[in-house]
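> If you scroll down you'll find the structure; I have some questions about it.
Nothing in this text is a laboratory measurement; each read-out follows from the coordinates by a stated rule. A quick note: this is a predicted structure, and the numbers were derived from the prediction, not measured. Every residue, glycine as well, gets a Cβ built from its backbone with ideal geometry; the counts of neighbours run over all protein chains shown.
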Amino acid sequence: MGFMSMSFSSRTVTSLALALLALPACQHAKRSTTDRDASGGLTFALAIHGGAGTIDPSTPDQVFDRYRAALKAALTHGHDMLAGGASALDTCEAVVRLLEDEELFNAGKGAVFNAASEHELDASIMDGATLRCGAVAGVRTVRHPISLARKVMSETRHVLLAGDGAEVFADQAGVERVDNAWFDTPARKQALERLQQREQRDKRGAQAVPTDRRLDYGTVGCVALDQAGHLAAATSTGGMTGKRWGRIGDSPLLGAGNYADGFAAISCTGTGEEFIRHAIARSVTARMQFGGQTLEAAAHAEVFDVLKKGDGGLIAVDRSGKIAMPFNSTGMYRAAADSSGRFSVAIFGGEDEVGDGVQR
């Protein structure tokens, strides 16, 4: 079918056009990171997420307390790194490594099971100052996929390695390895069993569209602005419960679920296929670069005007340290901090993201 005869929705056209037009040169990205807005007086900022989805507000408080404690620990670590002069890239990797070791989240230790009762992990990382980036998909024995993605960026001339090839590279890269069963957790196993029971009742089986997003939420991410004015983003995930056929979502795809340039750094979470279709992460910075929109306006437009209700959300920070964390699902595990003293952890909409009572 020719291009002129294809049919697109208005929201698809908006995102696709912005994404295709927004292919910045590295030189431009480097200039942008030095052109900082000093009006806010921020020297560093970061935001993290632990996934968006159907989060039940009636869940016992002690469960939410565990999530808040995990987010607080990761946020504290990232804040202290940036305050001490660490780079945004190093901070994003370190924070995501912590979240990959927390079994509450769908990344690393707490990764969901695929249809074969195994784990396939995806991750990506990007340096906004240079547009250098690295990603891995479908890795099975790498304890910290985000660190392998960093090595793809720094030690190869490639961007994305997948499956067996990524495992071979992991052998050479010297990253920590574990048995696939190390990622097992009882809660994720139960989620797979519930899904399989529904698939048996549904004639479409694996072709059925998942109706319970609680099976999948938990993807983790971090975006940061460092004291040098550089931006970075990192995202890691176990993917979708019961996924088949080597399915890869948006997290390892730069421009879809993760992106950083001289305008902003973005990490996404939610229904990966939708973030891929609309190139959500890159479209946020494209709106800023070509449309002159603020970070808040650009992020809000992508989440609420392009994505459908329930698709998820994103975290973002721009070159002046402004943070946006919009989501269109029931909740999104998120936290943010900056050099002004902001230090917040939140789960549901309506919580005070500037300072919700969480103490350091």
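> When the Karplus curve 6.51 cos²θ - 1.76 cosθ + 1.60 is applied with θ = phi - 60°, which whole-Hz ³J(HN,Hα) does each residue of segment 255-270 get, with x for Gly and Pro?
x, 9, x, 7, 6, 8, 9, x, 9, 6, 10, 9, 10, 10, 8, x
> What FRET efficiency do you get for Ala116 and Phe304 if R0 is 35 Å and r is their Cβ-Cβ distance, rounded to the nearest 0.05?
My answer for the efficiency is 0.45.
> How would you order 244-257, 221-234, 69-82, 313-326 from highest to lowest mean count of nearby Cβ atoms within 10 Å?
Highest to lowest by the protection proxy: 221-234, 313-326, 244-257, 69-82.
> Spelling out what I want: for every residue of segment 225-236, take phi, set θ = phi - 60°, compute 6.51 cos²θ - 1.76 cosθ + 1.60 (Karplus), and round to whole Hz; glycine and proline get x.
10, 9, 5, 8, x, 9, 10, 8, 9, 9, 9, 9
> A follow-up question, please. So how far, in whole Å, is the C-alpha centre of segment 40-109 from the one of segment 270-334?
18 Å
> Taking H as built 1.01 Å from N, whose amide H comes closer than 5 Å to the amide H of Ala233, not counting residues under 5 places away?
Here Met126, Gly128 satisfy the definition.
> Over 31 Å between Cα atoms: which of Lys151/Lys309; Lys109/Lys309; Lys189/Lys322; Lys243/Lys322 fall into that group?
Result: Lys151/Lys309; Lys189/Lys322; Lys243/Lys322 exceed 31 Å.
> Another question, if that's okay. Taking the Cβ of Thr156 as the centre, find all other residues whose Cβ is under 12 Å away and add up their charges (Lys, Arg: +1; Asp, Glu: -1).
Once all neighbours under 12 Å are counted, the net charge is +3.
> If you plug each phi of segment 281-298 into the Karplus form 6.51 cos²θ - 1.76 cosθ + 1.60 with θ = phi - 60°, what whole-Hz ³J(HN,Hα) values come out, in order, with x for Gly and Pro?
These are the phi-based 3J(HN,Hα) values: 4, 5, 5, 4, 6, 5, 4, 6, 6, 9, x, x, 7, 6, 4, 4, 5, 5 Hz.
> Here's another thing I want to ask about it. Take peptides 103-116, 170-183, 123-136, 151-164 and line them up by average Cβ neighbours within 10 Å, highest first, as a rough protection proxy.
Highest-to-lowest ranking by the protection proxy: 123-136, 103-116, 151-164, 170-183.
> Rounded, prolate or oblate for segment 216-292? Axes are the square roots of the Cα gyration tensor eigenvalues, ordered a ≥ b ≥ c, and the cut-off for rounded is a/c under 1.5.
oblate
> Take the Cα of Arg342, step 7 Å along the line toward its Cβ, and report every residue of segment 41-78 whose backbone nitrogen sits under 19 Å from that point.
Only 41-51, 71-78 fall inside the zone, counting backbone N under 19 Å.
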